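Inspection log for the structure reproduced underneath, given as structure tokens.
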Amino acid sequence: QAGAGAASSAHSPANVEEDILQDDAAYCRWCHKTANALYAASEYGQAVAWYTRAIQAAEDMSRRRAQEAAAELSSDQQPDTCRFYSNRAAAFLSLERYSEALSDCKMALALNPTEQKASLRGVAASLQLGEMGCSVEMVRLAEQAASCELRDRESRLSSLSVGELRSRLREAKSDAAGTGSVLEKGELVRQVAEAEADGGLAPLLGRAAAEVAAMAQRVGEVEAMARRSSWDEALEHATWLAREYPHHRQLRALRLAALLALQRSGEAHQLCEELAEAHPDAADVLCARLELLLRHEGVETALAHAALNRPPPGAADREQFDELLVYLQTVDKTLSR
């Protein structure tokens with residue numbers, strides 16, 4: 001990592017040229033370039049810090065220009081805040097900070113819904129978190145962006161001659177040479193556009209869509225096992241899937257439910273400890289912990305723990321916690337009579 005450390009030192013604020021510091025747009029681009037270099041060197045934490053500087057500088061610049069009613073910047077001067085968020089999401093993904101990665105993808109797509117890389121990174125983050133509805137939406141956005149990009153590519157290619165198109169097609173698809181087929185220009189344009197797109201993000205999009213569909217099916221099968229009370233089978237399959245998706249919300253809920261149903265309290269307690277450390281605000285983990293406390297230490301201990309560890313408003317499964325808390329309070333009142 002010596003090279004990465006040197007890169008980080010070379011790009012410290014003290015080494016920024018004065019003209020860059022005086023030019024907001026240039027400083028944004030410089031921060032982004034620095035972050036990209038650190039990301040390429042696998043210095044993901046440092047990359048996040050520099051992408052954050054680029055984002056903050058771009059947003060400060062936009063606020064100042066709005067207050068000053070300044071003239072619109074040209075496209076080459078305009079900071080690409082969407083890309084800053086998308087690239088920071090990539091760094092968060094490499095750090096396995098999936099919630100932050102997904103948040104950045106959403107910010108990038110709010111700025112530019114056709115940013116395909118942000119959509120694909122959003123698929124990766126939401127799959128890891130078990131946000132299946134979000135995964136499906138991210139695939140839809142990526143497909144829309146790919147379709148727009150294909151139309152734009154076809155529009156640009158339509159100005160080329162048939163000979164130029166045939167040459168482009170041979171370059172993009174080695175198996176196209178020697179086919180001897182005579183294609184009309186419109187068909188040539190379409191084939192060249194698709195072939196060149198296949199060299200970009202199209203294969204990733206296909207794999208992402210397939211993985212979302214496959215994961216939804218796998219999780220659905222485990223949920224069906226749980227509904228049948230086939231808890232041993234559900235636990236085995238959920239544990240196996242969790243090896244690849246350890247942060248998946250539905251899988252951890254299924255594992256905890258299975259252990260509680262099988263009355264394997266020791267394993268449930270150990271899993272709660274592991275999950276609580278990784279996901280301190282997870283309401284489903286807290287609920288499992290409360291059920292264990294209720295079973296083994298009584299309702300007063302469970303209520304005391306709930307009072308000290310209430311999940312924040314808006315947390316996933318907060319309703320589950322609220323319902324369990326009402327149940328605990330009801331049990332406590334009944335026992336107090």
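Here are some notes:
- Among residues of segment 236-251 being open to solvent by less than 20 Å² (accessible area, probe 1.4 Å) and in a helix (DSSP H, G or I), the one that is nearest to ARG318 (Cα to Cα) is LEU251.
- Selected residue (criterion: modelled with the highest pLDDT) from residues of segment 200-235 that are outside any helix (DSSP H, G or I) and surrounded by 15 or more Cβ atoms within 10 Å (Cβ to Cβ): SER230
- Just so you know, in segment 93-124 the residues that are assigned to a helix (DSSP H, G or I) and among the acidic types (Asp, Glu) include one that is farthest from ASP152 (Cα to Cα), and it is GLU100.
- Whichever residue in segment 293-332 is within 20 Å of LEU256 (Cβ to Cβ) and of a type in the set (S, T, N, Q) and, among such residues, is surrounded by the fewest Cβ atoms within 10 Å (Cβ to Cβ): THR301
- Test: ALA282 is over 20 Å from MET132 (Cβ atoms) and not acidic (Asp, Glu): no
- Taken over segment 278-292, the criterion of being in a helix (DSSP H, G or I), open to solvent by less than 30 Å² (accessible area, probe 1.4 Å) and of a type in the set (A, V, I, L, M, F, W, C) is satisfied by ALA283, VAL285, LEU286, CYS287, ALA288, LEU290, LEU292.
The values are calculated or read from the model by the stated rules, or taken from the named source; none is laboratory data. Keep in mind the model is a prediction, meaning the values are calculated, not measured. Neighbour counts are summed over all protein chains in view; Cβ atoms, including those assigned to glycine, are modelled from backbone coordinates with ideal geometry. Areas reflect the complete protein model, heavy atoms only, side chains present, ligands, DNA and RNA absent. Shrake-Rupley method; radii C 1.70, N 1.55, O 1.52, S 1.80 Å.
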